[in-house]
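Report on the structure given below.
The values are calculated or read from the model by the stated rules, or taken from the named source; none is laboratory data. Because the structure is a prediction, the values reported are computed rather than measured. Ideal geometry is used to build each Cβ from the backbone, glycine not excepted, and the neighbour counts take in all protein chains shown. To get the accessible areas, we keep the full protein, side chains included, count just its heavy atoms, and leave off ligands, DNA and RNA. Shrake-Rupley method; radii C 1.70, N 1.55, O 1.52, S 1.80 Å.
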Amino acid sequence: MLERLEELKLQLVYLLTGEFILSLFILFFFERWLLLVLSILGVLNFVLLIAIIIVVTRGVKERMLHLTRVVGSNVKHALDIGRVGFLSFDDQYVVDYTSEFFDEFNLDWVGQRVTSIHPQIGQILSGEVNHLAIELEEVKYEIKRVSNTLFFKDISDISRIQKQFLENSVVIGYIHFDNYEESTQYQEEQTIANIDSGIRQPVIDWAKKNGMFLRRVKADRFLVVLNEKIFKNILNERFEILNQIRESATHLDLAISLSMAFAKGTTDFDELEELANQGLELAQNRGGDQVAIKHVGRQTQYFGGTLVANEKRNKVKVRVMAQSIKELIVKSSNIIIVGHKEMDFDCMGSALSMSRICSALQKQSSIVTSGGIEKMMKAAFDLHAEHLQGRHTFVTESQALNSLNDNTLVIMLDHHLAEHSNGEHIINKAKHICVIDHHRRGKDFTFDPTLVYIESWSSSVVELLSELMQYMGIRNFMSSIESTIMLTGMIVDTNRFRLKTSSRTYEAAAYLRLLGAEPGDADSFLKETYDDFELKTNVLHHAQYLDNGIVIVPYDEQLLARPVMSMVADQLLGISDVEASFVIANVSDNSVAISARSRGKFNVQFVLEKLGGGGHYTAAAVQKENMSVEELSQLCIEEINRYIENGGNI
C-alpha cells in the first residue's frame, strides 16, 4: 500500500513539473492560448485528484476487508472489548496500518519497520515463537501473528492480578531452636529468661518486622505463616536471622542455632504443613543452623549450614531407637542388610554388627556385597575370610532378591539414597526399610522408610551401632576381629580421631575395645603399600593453592581409587593454613570424582552438594559421568568461590 502511494506521489511530482514547464512555454510563445490551456490542465488535475482518492480508498477498503476476513465480523467492537489492537505490514515488514487502539497510547508506527517497535518482535516474525510478551510505554502486551498482521493484547491488568496472586500466595514454615532443651533443662529460671531474651526474642522481633504471623507450638519451636512477597524479602536477605541467633548464642556461650523450613507452591494447607515438617527434618538431619525450602514439584533448596553440627542425641533417644529397631527385627521373617557401593570399614563394620545383632535375636540375616568392597577393606576381609564367612551370610543382590518377601526387613547402613546402595533393586521392592546413617540428608527419600535414624553429628555409623548395641540387652555376640573392623571404620571416618569427634565417639571406641577390638590390628589394616605411597606423592605434585586456605588437586594421569583420593585429601589438611582440600581424578574410564576434606571451618558438603554430591561438613564426595577432570575442577572452583562470596565462613 505504501509503495503504491509513493509511486503516485512521484508520478504527481512529474506531472506538476511538466505542467509548469508547459505553462511557461505557452506564456512566452502562445500567450493568447494560456487561459485555455490552464483551464484544460485544471480539469485534468481535478480528474486526477479524484482518481487518486478512489485508488487510495479502494486500497484501504481492500486492506480492511482482508483484516475482517482474518478476525471475523464485528471486528472493532470485539477488539475494543478485549483490549486488542492490531497492525499490518507489507512483504518488506514495513507497517502500513495500525488500528485506533494504539491512538490511546499515542503510538504511531506507520512507515516504520516492525522490528523497530521492539527487538523481540523479530522472534515472532521468524517463527521462533508463536506468541510473545513485551512491555511498551509501561504497558504489557501479548503479541500473536496471523499472516501479515500482528495482534497486540493489553495484558497489564492480568499481569498485575497474577503478580498480586503470587505475592499473596501462602507460605508456611517452622522455626526450631537447635539444642534449646539440652541448653536449658538444668538451668535456673533467671538463666532461662536471659536465654529466651537473647535467643527467642530476636526471632519474634524479626517476624514482626517482616509482617509474619508467629505462634509458639513448643518451647523450642514456632509456626510461622507469611506470603510469597515477604518470603522473597527474607530470602534476599539470605535469612540474616541465622547469623543473628548464632552470634547471640556465642555471646551467651551456648550451642544453640536456628533451623528453619518453609513450604510453598500449593493452596493445600495440609500439604504445606507436611512439607514444612519434612523440610525441618531435613534441615536438622543435615546438622541444623540452616534453612530448607520445599517447593511443590521442585528440589529442596538449602541456605546456611555454616556451623559444624553439635551433638544432639541423648541416651534416652538412643534407648528408644534401640528398642524400636529390636522390635522391627523380631517381627520380621528375615533381614537383608545393604550398604553403599564400594563398602568401606564403617559400612562393613556396621553391617557385621547388625548381622550379629540379628543372630543374637534368632533371626536370619544376610549382607549384600555385590556393589564392591573398598581396596583396604577387601584386604582385611580376605585376611579373615574364613572367620567372617563362618559367622555371616554374604550374598549378591540377585540372591537377596530371592529371599525378599512382604515381611522382610531391609536395613540400609551408612547411606540413605537408593541410587548409592549396593541393593537398589531390593530397596525399590521392599515393604519394610530401616535407615541408619550419619550423612547429611540432601534430598527426599524415593522410598517409604519404616524407621529412620540419621544422626549427621555422629562420627560414623559404627559409633551409632556401638551405642545401640548397649541398649539391646545382648551380650558376648561380637568377635575380636569384627570389633576391630568396626574400630577401624571409626578411625578412618574421624581421620584418626582428629575430626568430627565428641565424648560419645570416645565412649563408643572404649566399648569396642571392651568387645576385643585391637587398635594395633586396626592400624595394620590401614597400612599402605609402597606403590600407594609413591602414587600419593605423585598426586600431591599437582596440588594448587587457592585463596582462603583452599587446596585443589586435579589429577588426570591415571585412574585413582577413592581411598587414595581420600588419603591425599586428609594428608593435605596436615599443612599449616590449609582449611579444606579437594582431590579430583578419574575413577573409571567414563567417571570423574571429587574427594573433599575440611578442618571444620569450611563446609565441603555444602559445596559438593551443588555439584550433585553429599557427605558431611568435613568430608564429602561427588561423582560425575562423561566429564573431564579439568571440567569438573572448573565447576568445583566456581562453587567454592560462590560459597565464599555468599557468606562462607572462611
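Structure values in brief
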| read-out | value |
| --- | --- |
| Odd one out for Met472, checked against (1) in a loop (DSSP other than H, G, I, E, B); (2) in contact with a Ser or Thr (Cβ under 7 Å, 6 or more places away or on another chain) | (2) |
| Counted residues, the range 536-548 - those being assigned to a helix (DSSP H, G or I), aliphatic (A, V, I, L, M) and open to solvent by 30 Å² or more (accessible area, probe 1.4 Å) | 1 |
| Subset of the range 328-355 (residues that are closer than 20 Å to Leu451 by Cα and surrounded by fewer than 20 Cβ atoms within 10 Å (Cβ to Cβ)) | Leu328, Val330, Lys331, Ser333, Asn334 |
| Candidates Ile427, Ile481, filtered to the one that is open to solvent by less than 10 Å² (accessible area, probe 1.4 Å) and over 22 Å from Ala322 (Cβ atoms) | Ile427 |
| Residue in the range 237-250 that is in contact with a Phe, Trp or Tyr (Cβ under 7 Å, 6 or more places away or on another chain), open to solvent by 30 Å² or more (accessible area, probe 1.4 Å) and touching a residue at least 40 places away in the same chain (Cβ under 8 Å) present | yes |
| Residues (of a type in the set (Gly, Ala, Ser) and in contact with a strand residue (DSSP E or B) (Cβ under 6 Å, 6 or more places away or on another chain)) located in the range 241-267 | Ser257, Ser259, Ala261, Ala263, Gly265 |
| Of the criteria (1) under 19 Å from Thr529 (Cβ atoms); (2) among the acidic types (Asp, Glu); (3) out of contact with any helix residue (DSSP H, G or I) (no Cβ under 9 Å at 6 or more places or on another chain), which one Asp589 fails | (1) |
| Output for the range 452-484, where each listed residue is within 25 Å of Leu280 (Cα to Cα) and touching a His at 6+ places or on another chain (Cβ under 9 Å) | Val452, Ile454, Glu455, Ser456, Trp457, Ser458, Ser459, Ser460, Val461, Glu463, Leu464 |
| Only listed residue being crowded, with 20+ Cβ neighbours inside 10 Å, under 23 Å from Glu630 (Cα atoms) and touching a residue at least 24 places away in the same chain (Cβ under 8 Å), chosen from Val578, Val551 | Val551 |
| Thr267 being assigned to a loop (DSSP other than H, G, I, E, B), of a type in the set (S, T, N, Q) and either open to solvent by 10 Å² or more (accessible area, probe 1.4 Å) or closer than 23 Å to Arg642 by Cβ (or both) | yes |
| Thr501 vs. criteria free of Cβ contacts under 8 Å to residues at least 60 places away in the same chain, farther than 17 Å from Ser350 by Cα and hydroxyl-bearing (Ser, Thr, Tyr) | yes |
| Selection from the range 103-132 of residues that are farther than 16 Å from Lys144 by Cβ and in a helix (DSSP H, G or I) | Asp103, Glu104, Phe105, Thr115, Ser116 |
| Any hit, the range 502-510, residues being more than 40 Å from the chain's Cα centre (by Cα) and under 17 Å from Val462 (Cβ atoms) | yes |
| Test: residue in the range 493-510 that is open to solvent by less than 50 Å² (accessible area, probe 1.4 Å), in a helix (DSSP H, G or I) and among the polar types (S, T, N, Q) | yes |
| Pairs with Cβ under 8 Å, 6+ apart, first in the range 470-490 and β-branched (Val, Ile, Thr) and modelled with pLDDT under 90, second assigned to a helix (DSSP H, G or I) and buried (at least 19 other Cβ atoms within 10 Å of the Cβ) | Ile474/Ile357 |
| Test for Gly85: is it modelled with pLDDT of 80 or more, open to solvent by less than 30 Å² (accessible area, probe 1.4 Å) and not β-branched (Val, Ile, Thr) | yes |
| Single residue of the range 87-116 satisfying the filter (touching a Phe, Trp or Tyr at 6+ places or on another chain (Cβ under 6 Å) and aliphatic (A, V, I, L, M)) that is farthest from Arg160 (Cα to Cα) | Val95 |
| Whichever residue in the range 178-210 is in a helix (DSSP H, G or I), open to solvent by 50 Å² or more (accessible area, probe 1.4 Å) and among the acidic types (Asp, Glu) and, among such residues, is modelled with the lowest pLDDT | Glu182 |
| Matching residues, the range 596-632, being of a type outside the set (Val, Ile, Thr), out of contact with any Leu (no Cβ under 7 Å at 6 or more places or on another chain) and open to solvent by less than 10 Å² (accessible area, probe 1.4 Å) | Ser598, Phe602, Asn603, Gln605, Leu608, Tyr617, Leu632 |
| Selected residue (only one of Phe239, Phe222, Phe262 is at pLDDT 95 or above and either assigned to a loop (DSSP other than H, G, I, E, B) or closer than 25 Å to Lys163 by Cα (or both)) | Phe262 |
| Of residues in the range 285-301 being without any contact (Cβ under 8 Å) to a residue 40 or more places away in the chain and outside any strand (DSSP E or B), the one surrounded by the most Cβ atoms within 10 Å (Cβ to Cβ) | Val296 |
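Conditions tested, residue by residue: (1) part of a strand (DSSP E or B); (2) aliphatic (A, V, I, L, M).
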residue	(1), (2)
Phe533	no, no
Val551	yes, yes
Pro554	yes, no
Ala569	no, yes
Ile584	yes, yes
